[in-house]
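In what follows, a structure is listed as structure tokens, so that the remarks can point back to it.
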Amino acid sequence: MKVLVVGGNFAGSTAALEIKRKLGDEVEVTLIDRNPDFLYIPSLIWVPTGRREISDISISRKEVLEKRGVKFVLDTATRIDTEAEVVYTEHGEFPL
């Protein structure tokens, strides 16, 4: 079985990681996001005051996801064709 998650913020990352954790080798999980790093948005409030740097509140998506068996694709989803079951991106396409 294959699962493709579009968007890697809280909901997308959690969904991808939980699906892989629960189904293990029964599923191939891929997450597509346009940004290489996950930014912990609740801590952005501390950046302007100098209490945190952006580097303190961001982490590599690829590193975290692939360590847990989820493939990461750095790309931007541009269209989802539900009838053809394909997600189109700026650099290719992914069958669902």
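The values are calculated or read from the model by the stated rules, or taken from the named source; none is laboratory data. Just so it is clear, the structure is predicted and the values come from calculations on it, not from any experiment. Cβ sites come from the backbone with ideal geometry, for glycine too, and all protein chains shown count toward neighbours. Ligands, DNA and RNA are excluded from the accessible area calculation, which covers all protein heavy atoms including side chains. Shrake-Rupley method; radii C 1.70, N 1.55, O 1.52, S 1.80 Å.
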* **Residues that are closer than 13 Å to Gly8 by Cβ and either in a loop (DSSP other than H, G, I, E, B) or modelled with pLDDT under 95 (or both), drawn from region 32-42** => Arg34, Asn35, Pro36, Phe38, Leu39, Tyr40, Ile41
* Output for region 43-96, where each listed residue is in contact (Cβ under 8 Å) with a residue 12 or more places away in the chain, assigned to a loop (DSSP other than H, G, I, E, B) and out of contact with any strand residue (DSSP E or B) (no Cβ under 8 Å at 6 or more places or on another chain) -> Arg68, His91
* Given (1) open to solvent by 40 Å² or more (accessible area, probe 1.4 Å); (2) in contact (Cβ under 8 Å) with a residue 40 or more places away in the chain; (3) basic (Lys, Arg), number of the condition Lys20 does not satisfy -> (1)
* **Selection count where residues are modelled with pLDDT under 95 and hydroxyl-bearing (Ser, Thr, Tyr), scope region 61-92** => 1
* Of the conditions (1) surrounded by 12 or more Cβ atoms within 10 Å (Cβ to Cβ); (2) assigned to a helix (DSSP H, G or I); (3) aliphatic (A, V, I, L, M), Val29 fails just one. Which one is it? -> (2)
